[in-house]
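Participant: First the structure, which I've put down as structure tokens, then a few questions once you've had a look.
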Amino acid sequence: MRVALVEAAARIKRISESPRLDAELLMAHALGVPRNRMLLVHLDDPVPDSFAALVARRLQHEPVAHLTGLRGFWTIDLEVGPGAFIPRADTETLIEAAVAHFGDRAPATILDLGTGPGTLLLAALDQWPAARGVGVEQSDVARGYALRNAARLGLSDRAEIVAGVWAQGIDARFDLVLTNPPYVATSDPLPREVLDHDPAEALFGGPEGLDAYRVIIPDLPRLLSPGGIAVIEIGASQTDAVTALVRAAGMQADFRRDLGNRPRAVIAKP
């Protein structure tokens, strides 16, 4: 198995920035064990018959998350697949910003606009065990993933997953509003892995990538409780534009960088 992992990583390298990790995740999936257990216990086992087919599909730019059916995010694992946006590690910046804001306190109520497979809402509810929240999702397919993830993680009693378009029909205030809207400009190029497998409605935000922000941000003052914040994911070049929209809505604006030192989140406060 050790040789198979090295050989698979060498092949995957031409299409992935994390070839060794990809190979290990696929091998663990083929074995039916967590990756850590595979590395600790099974490296000298025979190579499973299904591994070669998984590598072949990865070489066709199929995401690892679709091949394994799971994606780790923050402290949870989410079921993902076709029709739902695959969580990115950079999006954890939003949870980090919220943790930094609340400190020793905890938000009691959380709203996730465009929750997809439940990514931000369920991570936040896992972070704050006494909190309750609402995840709004327009896509029936993505909403199905969110409902299954809430049930699998034991969070269904605290997570309400509803059909809707952004905050339309939401008539409540929340301590924390989270959102990762589509922000890719229509003409921007994307890797095949993204373009072919993530739903377009979760990617593209109009000619400038700002269409969703123009809908979401004006609603934030009515959605936020006193002392609450909204944390909004942005593209690396959108800090000024999104900050201007936040200030035009009468709120304070700040931003936070991700681990790659790129602007990743705008923080809005009433």
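The values are calculated or read from the model by the stated rules, or taken from the named source; none is laboratory data. Predicted model only: the values in this text are computed from it and were never measured. Please note: Cβ atoms are built from the backbone with ideal geometry, for glycine as well, and neighbour counts cover all protein chains shown. Ligands, DNA and RNA are excluded from the accessible area calculation, which covers all protein heavy atoms including side chains. Shrake-Rupley method; radii C 1.70, N 1.55, O 1.52, S 1.80 Å.
Participant: Assuming 0.36 nm per residue, please report the length gained on full extension of the stretch A248 to R37 beyond their Cα-Cα distance.
Facilitator: That works out to 70.8 nm of additional length.
Participant: Shifting gears a bit: From largest accessible area down, sort S139, S18; use a 1.4 Å probe on the protein chains. Walk me through the intermediate numbers first.
Facilitator: On the way: S139 25, S18 45 Å².
Largest to smallest exposure gives the sequence S18, S139.
Participant: Then there is this: First select every other residue whose beta carbon is under 14 angstrom from the beta carbon of G133; then total the charges, Lys and Arg +1, Asp and Glu -1.
Facilitator: -3
Participant: Put T239, T186 in order of accessible area, largest first, 1.4 Å probe: what do you get? Display every interim value, and only then the final one.
Facilitator: Details: T239 20, T186 85 Å².
Listed by decreasing accessible area, they come as T186, T239.
Participant: Between D77 and V47, what's the calculated FRET efficiency when r is the beta-carbon distance and R0 is 25 Å? Round to 0.05.
Facilitator: 0.55
Participant: From the phi of every residue in the stretch 12-18, what ³J(HN,Hα) in whole Hz does the Karplus formula 6.51 cos²θ - 1.76 cosθ + 1.60 yield, where θ is phi - 60° and glycine or proline is x?
Facilitator: After applying 6.51 cos²θ - 1.76 cosθ + 1.60, I find 5, 3, 6, 10, 9, 8, 9 Hz.
Participant: What's the long-distance tail for the stretch 14-146, i.e. % of Cα pairs beyond 20 Å?
Facilitator: Beyond 20 Å sits 53 percent of the P(r) for the stretch 14-146.
Participant: Using each residue's phi in the stretch 214-225, evaluate 6.51 cos²θ - 1.76 cosθ + 1.60 at θ = phi - 60° and report the 3J(HN,Hα) Karplus result to the nearest Hz, with x for Gly and Pro.
Facilitator: Running phi through 6.51 cos²θ - 1.76 cosθ + 1.60 with θ = phi - 60° gives 5, 8, 6, 5, x, 7, 4, x, 7, 8, 8, 6 Hz.
Participant: Ignoring ligands, DNA and RNA, what percent of the accessible area of the chain is carbon or sulfur (1.4 Å)? The partial results should precede the final answer.
Facilitator: Values: 6590 of 12590 Å².
About 52 percent, which is the carbon plus sulfur part of the accessible surface.
Participant: Per residue, how much accessible surface does the stretch 99-210 expose to a 1.4 Å probe? Answer in Å², no decimals.
Facilitator: Solvent-accessible surface per residue comes out at 45 Å².
Participant: Rg to Rh ratio, the stretch 87-158, alpha-carbon atoms and Kirkwood radius?
Facilitator: Rg/Rh for the stretch 87-158 comes to 0.96.
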